[in-house]
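Below: one structure, written as structure tokens.
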Amino acid sequence: MRVLVVEDEKKVARFVKRGLEQEGYGVDMATDGVEAEEYAQGREYDVIVLDIMLPKKSGLEVLKLLKQGKVKSQILLLTARDSVEDRVAGLNLGADDYLTKPFAFEELLARIRALTRRVSQGSALLKFADLSLDSQTRKARRGSVEVELTLKEYALLEYLLRNPNRVLSRTLIAEHVWSQSFDTETNVVDVYINHLRNKIDKDPLKRLIHTVRGVGYVLKEEEA
């Protein structure tokens, strides 16, 4: 899952970014409202963590613009504990949830997971053919066989499972699973795709991860 953290307090932003990355999320950071709009309109995010008090443009202004532009990301507002008016205004503008500051990272993580489950219609289990991934336990199965995954393998497989039958370019995969500063000239995407294939695509007659030559990869059912 890919998250945009919009927070002008750099210490808080780095803390959140580090914690989410340790949980396997791909994370980008923006420190003002203008930068937040650029990221949110130019990339795909599952969740945007948006502070209301931002330089250049407020979080509520950013929220309004993103909702008008029909950005599909779930938006979690960060608000001051006593700013009831801001929370009400944010929810009226279409925010999906809010969290008051200061907050415990565990609660932020739980809110983000709840928002992503909402998108998945309440289910923590992602399935395609006989491949499944439990986003709560982080366990994958191919048929009846459990597959152990590293954090990046998990993030990559989750992205594929959330986009079945869609051709994903290497650049799109890199930006979603890694970060905006990722060097797309490296072959790390291909390396991790091969890691996944070695774990979930051992039977050549039941392969699910397919190469689209010159473009990227697609998760689909097709006999080799």
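The values are calculated or read from the model by the stated rules, or taken from the named source; none is laboratory data. Here the structure is a predicted model, which is why all the values come from computation and not from measurement. All Cβ positions, even for glycine, are placed from backbone atoms using ideal geometry, and neighbour counts span all protein chains on display. With ligands, DNA and RNA removed, areas are computed over all heavy atoms of the protein, side chains included. Shrake-Rupley method; radii C 1.70, N 1.55, O 1.52, S 1.80 Å.
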(request) Compute the acute angle (0 to 90°) between the alpha-carbon long axis of helix 59-68 and the principal axis of greatest extent of the alpha-carbon atoms of the chain; round to the nearest 10°. (result) 50
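Could you give the size of the charge dipole of region 39-81 about its Cα centre, using +1 on the Cβ of each K and R and -1 on the Cβ of each D and E, expressed in debye and rounded to the nearest 20? If you can, show how the numbers build up before the last one.
Values: 8 positive and 4 negative charges, 30 e Å.
The dipole of region 39-81 has a size of about 140 debye.
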(message) Let me spell out the model: positive unit charges on the Cβ of Lys and Arg, negative unit charges on the Cβ of Asp and Glu, origin at the Cα centre of region 1-78. What dipole size does that give, in debye rounded to 20?
(response) 100
(message) Tell me the accessible surface of D201 in square angstrom (1.4 angstrom probe, heavy atoms of protein chains only), to the nearest ten.
(response) 10
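Antiparallel versus total DSSP beta bridges in region 1-142: what percent is that, nearest 5?
Details: 8 of 27 bridges.
Looking only at bridges with both residues in region 1-142, the antiparallel portion is about 30 percent.
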(message) In Å², and per residue, what accessible area does the chain have when probed at 1.4 Å with the other protein chains present?
(response) 51
(message) Between helix 10-22 and the chain, what is the angle of the helix's C-alpha long axis to the longest principal axis, kept within 0 to 90° and rounded to the nearest 10?
(response) 20
(request) Would you mind working out the magnitude of the charge dipole of the chain relative to its Cα centre, with +1 at each Lys and Arg C-beta and -1 at each Asp and Glu C-beta, to the nearest 20 Debye? (result) 480
(request) Could you work out the local net charge near G69, counting Lys and Arg as +1, Asp and Glu as -1, over the other residues with Cβ closer than 15 Å to its Cβ? (result) +2
(request) Hey, can you grab everything whose amide H is under 5 Å from the amide H of Y98? Only 5+ residues off in sequence or another chain; H modelled, so Pro and N-termini drop out. (result) L77
(message) Name the residue from I209, I48, I112 whose Cα lies farthest towards the positive end of the charge dipole of the chain, charges +1 on Cβ of Lys and Arg and -1 on Cβ of Asp and Glu.
(response) I209
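What does the net charge come to around T211 if you take all other residues with beta carbon closer than 11 Å to its beta carbon, with K and R at +1 and D and E at -1?
Working: positive: R170, R197, R207, R213; negative: D190.
Combined, the nearby Lys, Arg, Asp and Glu give +3.
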(message) Helix-only mean residue ellipticity at 222 nm, the chain, DSSP H runs n ≥ 4 weighted -39,500 (n - 2.57), per residue, nearest 500. What is it?
(response) -12000 deg cm²/dmol
(request) Return the label of the correct value of Rg/Rh (Cα atoms, Kirkwood Rh), as calculated from the structure shown, out of [x] 1.07; [y] 1.00; [z] 0.93. (result) [y]
(message) On C-alpha positions alone, give me the angle between the axis of helix 33-42 and the longest principal axis of the chain, in degrees, nearest 10.
(response) 30
(request) Would you check the accessible area of S58, probe 1.4 Å, heavy atoms only, in square angstrom rounded to 10? (result) 40
(request) Please calculate the 1.4 Å probe accessible area of K10, with all protein chains present, and give it to the nearest 10 Å². (result) 130
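Quick check on region 1-89: take the gyration tensor over C-alpha atoms, sort the square-rooted eigenvalues as a ≥ b ≥ c, and tell me if it's rounded (a/c under 1.5), prolate or oblate. If you can, show how the numbers build up before the last one.
Details: a/c = 1.60, a/b = 1.18, b/c = 1.36.
Oblate.
Please give the net charge around G24, taking every other residue with its beta carbon less than 10 angstrom from that of G24, where Lys and Arg add +1 and Asp and Glu add -1.
Working: positive: R138, K152; negative: E21, E23, E153, E158.
Local charge sum for G24: -2.
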(message) What is the distance in Å between the Cα centroid of region 1-78 and that of region 127-174?
(response) 24
